[in-house]
Amino acid sequence: MQKKDFSILLSINDAIATLRDEKLLFYEIFRNLKQLLNIEIGGIALFNNALNQFGVLFVRVKDIAGLPDAQMWFSKYDIDNIPLFFCHNTDEISEIPPDVLYSLRPLRKDQPPLKTILERESELTIHLIPMKLSGKRVGFLILNIDAGEVKNVNIDVISKASNMFAMAIENLRTFADLKRREQTNNMQLELLFSIVGEYERNHLFIKLVEELDKLIPYDYITIHANAFDPAILEKQFTNTFCAVKEGGSFREFKNDFLVSSIETVKSDKSILRGKTYFEFMEANLQELALKAPFFKAIITNYEINSVVVFQYHFPDLGEFLLILGRKKRSPLVSEIYNIDLLFNQNLDSFFTSTEIEFGLEALSNIGLILANLYAFEEIKELNKRLKQEKGYLLEEINLTYSFKEVIGESEEIKHTLNKVKQVAPLDATVLIQGETGTGKELVARALHDLSLRSENVFITVNCAALPAQLIESELFGHEKGSFTGASERRIGKFEMAQGGTLFLDEVGELPPELQAKILRVLQEKKFERLGGSREISLDVRIIAATNRNLEVEVEKGNFRADLYFRLNVFPVTVPPLRKRKEDIPLLVKYFIEKYSKRVGKEIKSIRKIDMENLLQYQWPGNIRELEHLIERAIIISNGVNLNLQALNSGNLTKPEISPDKLKPLVEMEKEHIIRALKITGGKITGENSASRLLGINGKTLGSKMRKLGIKREIIITTA
């Protein structure tokens with residue numbers, strides 16, 4: 001196999017592994033095949049023995065450069081009417097005369113024949129390459145290989161590509177099935193929760209048909225339930241509800257022939273015996289109209305062209321029929337590249353296989369709702385039980401997540417906590433990003449508490465709070481006599497965190513020389529104490545946090561790119577408070593309870609206007625600013641009401657400066673030091689010096705100048 005062939009197969013494999021959109025995946029495979037062969041037309045042909053059908057999909061490969069605008073054509077044929085060489089079980093590449101393809105007639109009259117699609121390439125020679133999955137042929141890859149190139153084609157490579165195509169389709173079908181089941185489960189839950197608590201008959205039925213319409217769009221519906229259970233009801237009940245869609249909403253209607261017509265459908269054993277559903281179309285629909293006057297009326301009056309009947313039997317309870325009518329075919333049928341159409345869909349049907357599955361999944365739940373509708377007291381008991389189960393579930397969720405003081409239910413914080421839940425059980429390095437005061441340390445503690453290291457220590461290091469000359473000793477420890485003042489051996493934070501978690505807060509403040517040493521520790525999982533010669537193996541999970549944009553710092557040269565990539569294995573962003581304002585009431589309640597107990601007061605409420613002001617404020621200091629505000633308010637409050645009025649001098653209602661316009665604290669500190677140096681003529685220590693003006697020690701100022709890259713010579717020159 002040549003290097004180019006292998007590269008193309010590898011590219012096809014990558015597309016299969018990463019792409020889940022049918023159209024894009026097919027285009028990508030054909031695009032790669034075009035590099036292997038100079039083809040104009042590509043396609044696939046698939047057998048569907050269950051429906052006795054043969055599906056063919058074509059794409060004009062030379063148009064693929066215009067993704068996603070290139071066209072794709074899909075049509076189905078009766079297996080009994082296709083040429084015999086399509087059914088011949090061979091591993092060889094077969095040539096097809098174009099006239100044979102052109103003679104195929106699609107099952108659907110509204111689908112164009114292949115001659116119309118391929119007429120611009122009438123001179124092409126079409127070849128069939130068998131597609132196999134687990135040794136079984138499932139269809140063909142269709143390519144126009146020039147007659148002069150057939151002898152030069154690497155048959156093994158083409159066969160591998162064809163089988164990979166079969167695997168891609170199987171993966172798509174599996175993915176589509178999982179996605180459909182997830183969608184079905186979610187919609188079922190929405191259907192149930194939207195109806196729970198509704199006891200009035202007409203309201204319940206209208207709401208039921210509206211919610212069901214979201215699952216399976218329809219123009220007409222009949223719900224018929226016939227049940228008897230002595231444990232719930234004293235007598236048998238029969239209930240039938242009909243509605244039709246007019247102007248986008250449903251209207252209930254009644255007909256004297258309804259019950260008799262439904263009995264006609266039920267009595268026809270040839271229709272529903274042993275089946276869970278049956279669809280009436282064309283001749284069958286006209287036959288139904290002749291037998292059942294009610295259905296004749298809705299077919300005529302509301303232009304219904306298809307009726308599907310779902311049937312369900314409750315054990316020891318009764319029966320249930322769901323009858324849906326539709327004027328037009330499902331819009332899904334127009335999606336010619338849809339995976340359902342390739343495998344499951346009968347194109348003659350007005351209802352897709354997905355919609356039928358939705359209906360079957362919904363039957364038992366809808367039937368139970370209707371049965372319990374006539375047992376009001378039983379519903380109340382079930383509703384009470386449901387609330388209890390909801391409470392148990394919420395408690396279980398709280399125990400499972402163990403997020404402790406992470407307060408909030410907004411989508412933003414839920415997204416963050418979900419990422420925490422995903423990565424917590426692993427040992428992956430996590431970089432927590434977010435503005436100051438957003439609670440990054442709480443998220444770090446949650447990561448530790450949910451990890452397998454939760455029984456061991458959680459050590460925090462604030463990289464911004466340690467002096468530059470001491471931070472290395474703090475992190476790695478030192479041996480006795482390693483430097484002046486090292487009177488005894490001391491273990492560092494890394495060593496203290498053995499078996500647990502080390503949290504590097506404000507990691508963006510690390511000096512460059514220390515960044516290199518931390519990178520080495522992360523890479524080799526070993527380190528040495530200052531002044532020591534023995535390597536110490538490290539078993540620590542690293543969690544880092546910063547309010548800086550490290551990508552920008554890397555571009556500026558302030559932060560090592562290799563360390564950034566080592567720390568940024570799994571990024572978690574904590575949203576600022578202004579983006580999760582719906583959590584403010586919860587946070588206010590939490591802080592009121594917390595600080596009321598601490599100061600011995602019983603604050604129980606907050607004025608509505610104060611809460612509105614809190615919600616309007618932009619909170620540049622985030623949760624920390626809110627917490628301090630509530631604490632101050634509690635201290636000065638008397639009685640049971642929180643007194644924010646005395647603290648609010650209009651600041652909470654003033655428009656805040658956009659956070660994007662605020663300079664980072666480091667830049668402001670740098671500008672402040674430069675201004676002081678210019679005023680003092682570059683004098684750092686002594687009388688009338690910058691250190692005296694700034695109120696800090698001269699050595700500390702010198703250290704900050706080195707850290708911030710401030711050179712005294714430049715200041716003197718530009719002053």
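Ranking request for peptides 258-264, 299-305: highest mean number of other beta-carbon atoms within 10 Å first, then the rest in descending order.
Peptide ranking by packing, descending: 258-264, 299-305.
Hey, could you pull the Cα Rg and Dmax for segment 534-631, both in Å?
19.8, 64
Could you pull out every residue, at least 5 positions away or on a different chain, whose amide H is within less than 5 Å of the one on SER605? Hs are placed 1.01 Å off N in the peptide plane, and Pro or chain starts have none.
Under 5 Å from the amide H of SER605: LEU642.
Quick query: amide H of TYR218 versus all other amide H atoms, modeled in the peptide plane; which residues come in under 5 Å with a sequence gap of 5 or more or a different chain?
Counting only residues 5 or more places away or on other chains, the set is empty.
Determine, for each peptide in 541-549, 31-39, the mean count of other beta carbons within 10 angstrom over its residues, then list the peptides with the highest first.
The packing order, highest mean first, is 541-549, 31-39.
Name the shape class, rounded, prolate or oblate, that the alpha-carbon gyration tensor gives for segment 433-483, where a ≥ b ≥ c are the square roots of its eigenvalues, rounded holds for a/c under 1.5, and otherwise prolate holds if a/b is larger than b/c and oblate otherwise.
Oblate, since a/c reaches 1.5 and b/c is not below a/b.
What list of ³J(HN,Hα) couplings, whole Hz, do you get for segment 470-478 from phi and the Karplus terms 6.51, -1.76, 1.60, once you set θ to phi - 60° and write x for glycine and proline?
10, 5, 5, 5, 5, 6, 10, x, 8
Rounded to the nearest 10 Å², what accessible area does GLU361 have for a 1.4 Å probe in the complete protein model?
So the heavy atoms of GLU361 present about 70 Å² to solvent.
Given H placed on each backbone N at 1.01 Å, which residues far from LYS683 in sequence or on other chains put an amide H within less than 5 Å of it?
Result for LYS683 returns ALA690.
Step through the residues of segment 20-28 one at a time and calculate ³J(HN,Hα) from phi using the Karplus curve (6.51 cos²θ - 1.76 cosθ + 1.60, θ = phi - 60°), rounding each to whole Hz and writing x for Gly and Pro.
So the J values, rounded to whole Hz, are 10, 8, 4, 5, 5, 5, 4, 4, 5.
Based on the alpha-carbon gyration tensor of segment 402-512, what equivalent-ellipsoid semi-axes (square roots of 5 times the eigenvalues) come out, in whole Å, largest first?
31, 16, 10
So for segment 519-574, Kirkwood radius off the Cα pairs, Stokes-Einstein at 37 °C and 0.692 mPa s: how many µm² s⁻¹?
Rounded, D is 251 µm²/s.
Per residue of segment 697-707, what does 6.51 cos²θ - 1.76 cosθ + 1.60 with θ = phi - 60° give for ³J(HN,Hα)? Whole Hz please, x for Gly and Pro, Karplus curve as stated.
Those phi angles translate into 5, x, 5, 4, 4, x, 5, 5, 4, 5, 5 Hz.
The values are calculated or read from the model by the stated rules, or taken from the named source; none is laboratory data. Keep in mind the model is a prediction, meaning the values are calculated, not measured. So basically every Cβ, Gly included, is an ideal-geometry build from the backbone, and we count neighbours across all protein chains shown. The area values use the complete protein model at the heavy-atom level, side chains included, leaving out ligands, DNA and RNA. Shrake-Rupley method; radii C 1.70, N 1.55, O 1.52, S 1.80 Å.
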